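The values are calculated or read from the model by the stated rules, or taken from the named source; none is laboratory data. Note that the structure is a prediction, hence the values are computed from the model and not measured. So basically every Cβ, Gly included, is an ideal-geometry build from the backbone, and we count neighbours across all protein chains shown. Ligands, DNA and RNA are excluded from the accessible area calculation, which covers all protein heavy atoms including side chains. Shrake-Rupley method; radii C 1.70, N 1.55, O 1.52, S 1.80 Å.
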Amino acid sequence: MRNDWVPASAALLVTGAMALALASLLTPTGSSGSETLRMVREDDSRWLAVSAIYFLAAAMLIIGLPTLLVLVPDRGRYVGMAAMVSLAVGFIGIAGYAMLLAFFRALAVTDAIRDDSIDAVSEETGLRVFLYGWIVAFCLGELLLAAALLRAGSVPIWVPLLMLLHVVTIPLNPLLPDNVSRATILAFALALAATGIRGANPAPALRPR
């Protein structure tokens, strides 16, 4: 009875990870705020679809987070719980980001925002504080989760290593081509999906602790 909820939670974690990767790959971005605004006006239905996928991904990931407790029952449990809290903040931020995208689309299609003001909006201090706070929470949660899984030895070692690789690439994103930068989320999605699958089929530690 205690673990009856695990398969459902794990399935949502896997599905949410895949949805997050899909939304990231489908998000249209431009080299400047004006170009992004033009792309939204030309293909607003795609922008709305991406917003919906991000929101659904956030909801599924949050519900799937308790699966992580199954993978860190003893060693690494407190680190794992801290990772859950930090990732929950990050996933809630994804839901907020989805709403922000939908709001931005509404402003674009109704011509309520001008090309020359979008860049100024993106540089506004309050918005940037919230944005960087969200990114820090997400990265911290991913680092803590990787550490907890390494300590518990409950998943193949490539899973936490992929998470660490993704965190390392985040500061390098501005230097990477746009398609490559967005594709880096696949590393995190793959690792999170593997974690969910392993959580649905718990077994003794794979590596010595």
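I'm a student and want to see the number: the projected area of the Cα convex hull of region 48-95, averaged over all directions, in nm².
3.1 nm²
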With Cα springs under 10 Å, the Gaussian network model of the chain assigns the largest mean-square fluctuation among VAL167, VAL136, VAL155 to VAL136
For region 10-62, averaging the sequence separation of alpha carbon pairs under 8 Å that lie six or more residues apart and dividing by its residue count, the contact order in percent is 59 percent
One quarter of the C-alpha convex hull surface, i.e. the mean projected area of the chain in nm², amounts to 11.7 nm²
Per the 1/(1 + (r/R0)^6) rule, R0 = 22 Å and r from the Cβ atoms of ASN173 and ASP111, FRET efficiency to 0.05 is 0.10
Going residue by residue through region 170-176, the Karplus relation 6.51 cos²θ - 1.76 cosθ + 1.60 with θ = phi - 60° gives ³J(HN,Hα) values, rounded to whole Hz and with x marking Gly or Pro, of 4, x, 8, 3, x, 8, 9
Rounded to the nearest 10 Å², the accessible area of ARG151 using a 1.4 Å probe with every protein chain kept is 120 Å²
For the chain, the dipole about the Cα centre with charges only on Cβ (Lys and Arg +1, Asp and Glu -1), to the nearest 20 debye, works out at 1080 debye
Sequence order, region 143-156: Karplus ³J(HN,Hα) from phi using 6.51 cos²θ - 1.76 cosθ + 1.60, θ = phi - 60°, Hz rounded, Gly and Pro as x, gives 5, 5, 5, 4, 5, 5, 5, 5, 5, 6, x, 9, 10, x
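How charged is the neighbourhood of PHE188? Take every other residue with its Cβ under 15 Å from the Cβ of PHE188, and add Lys/Arg as +1 and Asp/Glu as -1. Please list the in-between numbers first.
Working: positive: ARG182; negative: GLU142.
That works out to 0.
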In units of 2.2 N^0.38 Å, the Cα radius of gyration of region 12-118 is 1.31
hull vol. (C-alpha, convex hull) per residue for region 13-57, Å³ -> 59 Å³
The equivalent-ellipsoid semi-axes of region 99-147, taken as the square roots of five times the Cα gyration tensor eigenvalues and listed largest first in whole Å, are 30, 13, 6
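May I ask you to work out the translational diffusion coefficient for region 126-209 at 20 °C, viscosity 1.002 mPa s, via Stokes-Einstein with Rh from the Kirkwood sum over Cα pairs, reported in whole µm²/s?
154 µm²/s
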Heavy-atom accessible area of PHE91, protein chains in place, probe 1.4 angstrom, given in Å² to nearest 10, is 0 Å²
Counting only protein heavy atoms and leaving out ligands, DNA and RNA, the solvent-accessible surface of TRP5 at a 1.4 Å probe, in Å² to the nearest 10, equals 100 Å²
With all protein chains present and a 1.4 Å probe, the order of ARG198, ARG75 from largest accessible area down is ARG75, ARG198
